[in-house]
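Peer 1: Pasting a structure below so you can have a look.
The values are calculated or read from the model by the stated rules, or taken from the named source; none is laboratory data. Predicted model, so just to flag it, every value in this text is computed and none were measured. Virtual Cβ from ideal backbone geometry, glycine too; neighbours counted across all protein chains shown.
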Amino acid sequence: MWPKIIQVNAKDIYIIGGNDTNLRTQFNFDFRSLKCNIKVNIATGECERKADMLTSRQACGVGCIGNYIYIVGGITEQELLNSCERYDIINDTWEEITSMDEGAFSLSVITHAKRFLYTFGYANYET
């Protein structure tokens, strides 16, 4: 539940993060945030496990510029995240990048001019 899915080219999508929610009662959810990163070939349906994110997260923002997937914010079962990371599609590696000023989840991300990443429409514990 709550993974992020992004199409990075004409043939590949990535399914990143999310959680493994198990409903215990009508009002109490027990979940564990995930680090998973799965590449899916759209034409063949073939799935390939790629390098895990550095931080487990769900409800994060995701954008793609060039050969990089950017992950921003999100939540874990314990905290609201302001951290961000970048995935190198070619080398199958993750690195931390500059954090946001405040934590946010359920954010939308757009890219512009193949070099800018904008976030909007987010939630935090105060909104």
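Peer 1: For segment 32-67, enumerate the residues that are farther than 18 Å from Leu107 by Cβ, part of a strand (DSSP E or B) and of a type outside the set (Lys, Arg).
Peer 2: Those that are farther than 18 Å from Leu107 by Cβ, part of a strand (DSSP E or B) and of a type outside the set (Lys, Arg): Asn37, Ile38, Val40, Asn41, Cys47, Glu48.
Peer 1: OK, next. Can you go through Tyr87, Tyr118, Tyr70 and tell me which one is free of Cβ contacts under 8 Å to residues at least 12 places away in the same chain, assigned to a strand (DSSP E or B) and of a type outside the set (Val, Ile, Thr)?
Peer 2: Testing whether each residue is free of Cβ contacts under 8 Å to residues at least 12 places away in the same chain, assigned to a strand (DSSP E or B) and of a type outside the set (Val, Ile, Thr) leaves just Tyr118.
Peer 1: Against the condition crowded, with 20+ Cβ neighbours inside 10 Å and within 19 Å of Trp2 (Cα to Cα), how does Gly63 come out, does it pass?
Peer 2: Spelling it out, Gly63 is indeed crowded, with 20+ Cβ neighbours inside 10 Å and within 19 Å of Trp2 (Cα to Cα).
Peer 1: Go through Ile69, Ile75 for me and flag whichever is in contact with a Leu (Cβ under 9 Å, 6 or more places away or on another chain), under 22 Å from Lys50 (Cα atoms), surrounded by 15 or more Cβ atoms within 10 Å (Cβ to Cβ) and aliphatic (A, V, I, L, M).
Peer 2: Only one candidate passes the filter, namely Ile75.
Peer 1: Trp94 versus (1) over 18 Å from Lys4 (Cα atoms); (2) modelled with pLDDT of 95 or more: which is the lone unmet condition?
Peer 2: Against the list (1) over 18 Å from Lys4 (Cα atoms); (2) modelled with pLDDT of 95 or more, Trp94 comes up short only on (1).
Peer 1: Shifting gears a bit: Conditions first: (1) at pLDDT below 90; (2) on the phi > 0 side of the Ramachandran plot. Leu117 passes all but one, so which condition is the exception?
Peer 2: Just one mismatch for Leu117, condition (2).
Peer 1: Looking at segment 75-84 only, could you name the residues that are touching a Gly at 6+ places or on another chain (Cβ under 7 Å) and in contact (Cβ under 8 Å) with a residue 24 or more places away in the chain?
Peer 2: Residues satisfying the conditions are Leu80, Leu81.
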